[in-house]
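Input: a single structure, listed below in structure tokens.
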Amino acid sequence: MSLRGGHATEHPVCTQLRNPPSGVDDVSDVRRPEGAAVSTVTGAELLCETLLALDVRVLFGHPGGAILPFYDALHERRGLRHVLTRHEQAAAHAADGYARATGRTGVCVSTSGPGATNLVTGLATAQMDSVPLVAITGQVARASLGTEAFQETDIVGVTMAVTKHGFLVQRPEDLPGVVEEAFRLARSGRPGPVLIDVPKDVQAASVSAALIPSRPRRSSWASGVCHQGGATPAEGAREGPGRSHGVPRELAERLDEVASLLNGAGRPVIIAGRGVVLAGVSRLMRMMAERADLPVATSLLGLDTFPAGHPLALGLPGMHGTERANHAIQNADLVLGLGLRFDDRIVGRAADFARKARIVHFDIDPASVGRTIRPHLSVLGDLRITLPELARRAAVASRPTWRSQIERWSREAEPRTEPSFPMGPLGARHAVRAVARRVSETGAMVSTDVGQHQMWLAQELPDVAPRAHLTSGGLGTMGYALPAAIGAALGRPGCPVWAVSGDGGFQMNLQELATVVQEAIPLRIAVINNGFLGMVRQWQERFYGGRYSASEISGPDLVALAGAYGIPGFAVDRAEMLEQVLDTAVDMRGPVLLDLRVTREENVYPIVPSGAALDELVMAPETVAR
Ligand SMILES: Cc1ncc(C[n+]2csc(CCOP(=O)(O)OP(=O)(O)O)c2C)c(N)n1
Ligand SMILES: [Mg+2]
């Protein structure tokens, strides 16, 4: 790496704020170690106090040389709980899980160099899935920047493509302003990750204690919900079809146009994405759907926006979507996309996506509109504002012909072939379905890794509350489930949490079992153990002549592994054992690990092959043609 002299300060994304924001001179609540002078603090102390002022409560991280002053300051601050993950990637995923589960901003911390680069996958995961995250990294001292000093990496440069913004803090007195701005950026518009790189000498420098912001700022950018507009999710959800915010004329006219399309449509479909969760308008969407008789498909990240058992629910659309969701979209005359990216997995062959429909795209992010499909109309803005306006304009309707056509397409992703008291080898989908049912019955949250088990769970998950289904939808990051579940559990103590992993993904971050034990986190972990990188194997079976190149995977004895960490574990390989073991796991306080040794070569159906249109989906071979 040649970074001579300039380092990231020359980088356009690298911002320094010269003036602290107004209102930071209130020192009434300064917390200092007893006996210490109050006139100055270190940059690291100022950083901690600013985090406290922003109502940050939990940090996930791993220390090292360049971030030691920060960790030293942390030692004195009880209000900031630090969770030591065993790998920085896990710190980023845990902060991500915390943010998804709570609606707050997740915070992760690392040292410079390898600590910081280990965060990259977690930042990219959060970026793709619109998760508000702030990463704080230590950096070499200012005088060493650009000298290839020990553990120097231009992390602002490295992460430019996977963050909303990066700051290199050059002056300790800039810290409060930079941190506040980072939190604001992480949450505003389409949420995402922001990185703050703090040289070690900036952390160690003395600054006036008068710079410490007062705390806590409960309405701050660290907490609350992820969109502009000020309302809480609950308030958003209370919005009824009769209430209006008074929107600009241009927007009102656009909404009138959408409403006239909607009210004139014979075969409308909603596709709901994560934006609906972020805006906290799931209930309002449901009211509108019921009032205007609108079937609702839910993207992988929008699964928890609409109850799977609702008569209007179509389930997952796209590559592993349900028959009824995909056929409904392909036969619709109007598709309303609410807060989703219309990514390639949902759209299939773009030229043939919803070919009979007018498409309307609601999104907060102009850059998300028109990327894969060109909508006929787009409505830019916060769903908290635009959806109530649409709901107000949506006429009461009933579309029995359309509804009965949809009913004729199968409700299930795959026919439920197993008998009601299954015996014999444990089927993979069967195991996932049973876990999914427990999740739903116990009001739990669930995180998954990536692969077949992720898709089975998405297809099988019954009703779950918003923010209860955590998965890496955009980046598709194996190794996400366990650390994300740790973050979710710490964000919502008392709410049961399941981590459902594949045997491949689990082995990417299994070191976090130690974090689970050290922090006494009552997780329930289920590994869907098929001895394969199952999704890779499925593609090789179908598209590469059955040549299983590097997809068979061995692993440790998971029960013994859990035992080595001090976690009780149970292995299940027979269907008839499953329910009893699940009962035990639900009754235990946790943590507990289940090694579900499932059939090795089961496939996920339906599947829309790459490059195919949604109605060219391939059903399970045993499906009876209709
Ligand atoms: C970090 C990462 N590396 C590689 C991949 C590519 N990939 C997608 S699914 C998959 C297999 C996952 O296997 P496993 O965790 O056992 O889950 P299964 O499909 O068997 O349920 C792989 C390797 C990925 N998504 N993420
Ligand atoms: Mg597997």
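Would you mind finding the one in 44, 66 that is touching a strand residue (DSSP E or B) at 6+ places or on another chain (Cβ under 6 Å), surrounded by 18 or more Cβ atoms within 10 Å (Cβ to Cβ) and either at pLDDT 95 or above or part of a loop (DSSP other than H, G, I, E, B) (or both)?
66
Out of 490, 475, I need the residue that is part of a helix (DSSP H, G or I) and either among the hydroxyl-bearing types (Ser, Thr, Tyr) or within 16 Å of the chain's Cα centre (by Cα) (or both). Which one?
Among 490, 475, only 490 is part of a helix (DSSP H, G or I) and either among the hydroxyl-bearing types (Ser, Thr, Tyr) or within 16 Å of the chain's Cα centre (by Cα) (or both).
Quick one: what pairs do we get from the range 566-581, first residue in contact (Cβ under 8 Å) with a residue 24 or more places away in the chain, second in a strand (DSSP E or B) and surrounded by fewer than 15 Cβ atoms within 10 Å (Cβ to Cβ), C-beta under 9 Å, 6+ apart or different chains?
573/425; 574/425; 575/425
When residue 340 is evaluated against the numbered criteria (1) over 23 Å from the mean Cα position of the chain (by Cα); (2) buried (at least 17 other Cβ atoms within 10 Å of the Cβ); (3) outside any helix (DSSP H, G or I), which criterion, by number, is the only one it fails?
Residue 340 satisfies all of (1) over 23 Å from the mean Cα position of the chain (by Cα); (2) buried (at least 17 other Cβ atoms within 10 Å of the Cβ); (3) outside any helix (DSSP H, G or I) except (1).
Return yes or no: is residue 309 of a type outside the set (S, T, N, Q), in contact (Cβ under 8 Å) with a residue 24 or more places away in the chain and assigned to a loop (DSSP other than H, G, I, E, B)?
It is true that residue 309 is of a type outside the set (S, T, N, Q), in contact (Cβ under 8 Å) with a residue 24 or more places away in the chain and assigned to a loop (DSSP other than H, G, I, E, B).
Under 6 Å by Cβ, and 6 or more places apart or on different chains, what pairs join a residue from the range 149-161 that is farther than 15 Å from residue 110 by Cα and without any contact (Cβ under 8 Å) to a residue 12 or more places away in the chain with one that is crowded, with 19+ Cβ neighbours inside 10 Å and among the β-branched types (Val, Ile, Thr)?
Going by the 6 Å Cβ cut-off, the qualifying pairs are 149/140.
Which of the residues belonging to the range 513-522 are touching a Lys or Arg at 6+ places or on another chain (Cβ under 6 Å) and either part of a loop (DSSP other than H, G, I, E, B) or within 16 Å of ligand 1 (Cβ to nearest atom) (or both)?
522
Can you find a residue that is outside any loop (DSSP other than H, G, I, E, B), closer than 29 Å to residue 314 by Cα and free of Cβ contacts under 8 Å to residues at least 24 places away in the same chain anywhere in the range 436-457?
yes
How about the range 364-387: which of its residues are in contact with a Ser or Thr (Cβ under 7 Å, 6 or more places away or on another chain) and more than 13 Å from residue 251 (Cα to Cα)?
369 - this is the single residue of the range 364-387 that is in contact with a Ser or Thr (Cβ under 7 Å, 6 or more places away or on another chain) and more than 13 Å from residue 251 (Cα to Cα).
If you check 86, 77, 104, 100, which single one turns out to be within 20 Å of residue 516 (Cα to Cα), part of a loop (DSSP other than H, G, I, E, B) and of a type in the set (Lys, Arg)?
Just a single option satisfies the conditions, and that option is 86.
Given the criterion part of a helix (DSSP H, G or I) and within 28 Å of residue 509 (Cα to Cα), identify the matching residue among 157, 138, 177.
Only one candidate qualifies: 157.
Taking the condition of being touching a Lys or Arg at 6+ places or on another chain (Cβ under 8 Å), within 10 Å of ligand 2 (Cβ to nearest atom) and part of a loop (DSSP other than H, G, I, E, B), how many residues in the range 523-565 meet it?
Number satisfying all stated conditions: 3.
Those residues that are part of a loop (DSSP other than H, G, I, E, B) and either under 19 Å from the mean Cα position of the chain (by Cα) or within 23 Å of residue 373 (Cα to Cα) (or both), I need them from the range 267-306; list them, please.
Within the range 267-306, 267, 273, 280, 281, 294, 295, 299, 306 qualify.
Name every residue in the range 115-144 that is surrounded by fewer than 21 Cβ atoms within 10 Å (Cβ to Cβ) and either touching a residue at least 60 places away in the same chain (Cβ under 8 Å) or within 12 Å of the chain's Cα centre (by Cα) (or both), in order of residue number.
Those that are surrounded by fewer than 21 Cβ atoms within 10 Å (Cβ to Cβ) and either touching a residue at least 60 places away in the same chain (Cβ under 8 Å) or within 12 Å of the chain's Cα centre (by Cα) (or both): 124, 128, 141, 142.
Restricting the first residue to the range 96-114 and requiring it to be within 10 Å of residue 58 (Cβ to Cβ), which pairs with a second residue that is polar (S, T, N, Q) meet a Cβ separation below 6 Å and a spacing of at least six or different chains?
104/223
Can you tell me how many residues within the range 530-553 are of a type in the set (S, T, N, Q) and more than 8 Å from ligand 1 (Cβ to nearest atom)?
2
I'd like to verify a number: residues in the range 474-494 that are touching a residue at least 60 places away in the same chain (Cβ under 8 Å) and surrounded by fewer than 24 Cβ atoms within 10 Å (Cβ to Cβ), how many?
Selection size over the range 474-494: 4.
Can you name the residue in the range 495-508 that is farther than 14 Å from residue 558 by Cβ and buried (at least 24 other Cβ atoms within 10 Å of the Cβ) and is also farthest from ligand 2 (Cβ to nearest atom) among such residues?
497
Which residue is farthest from ligand 2 (Cβ to nearest atom), if the candidates are limited to the range 446-464 and must be more than 17 Å from the chain's Cα centre (by Cα) and more than 18 Å from residue 600 (Cβ to Cβ)?
Checking each candidate, the answer is 463.
Conditions: (1) of a type in the set (A, V, I, L, M, F, W, C); (2) farther than 30 Å from residue 452 by Cβ; (3) not in a strand (DSSP E or B). Residue 329 meets all but one. Number of the miss?
Exception for residue 329: condition (2).
Given the conditions (1) surrounded by 15 or more Cβ atoms within 10 Å (Cβ to Cβ); (2) away from ligand 1 (no atom under 15 Å from the Cβ), report the number of the one that residue 583 does not fulfil.
(1)
The values are calculated or read from the model by the stated rules, or taken from the named source; none is laboratory data. Bear in mind the structure is a predicted one, so any value in this text is a computation, not a measurement. Cβ sites come from the backbone with ideal geometry, for glycine too, and all protein chains shown count toward neighbours.
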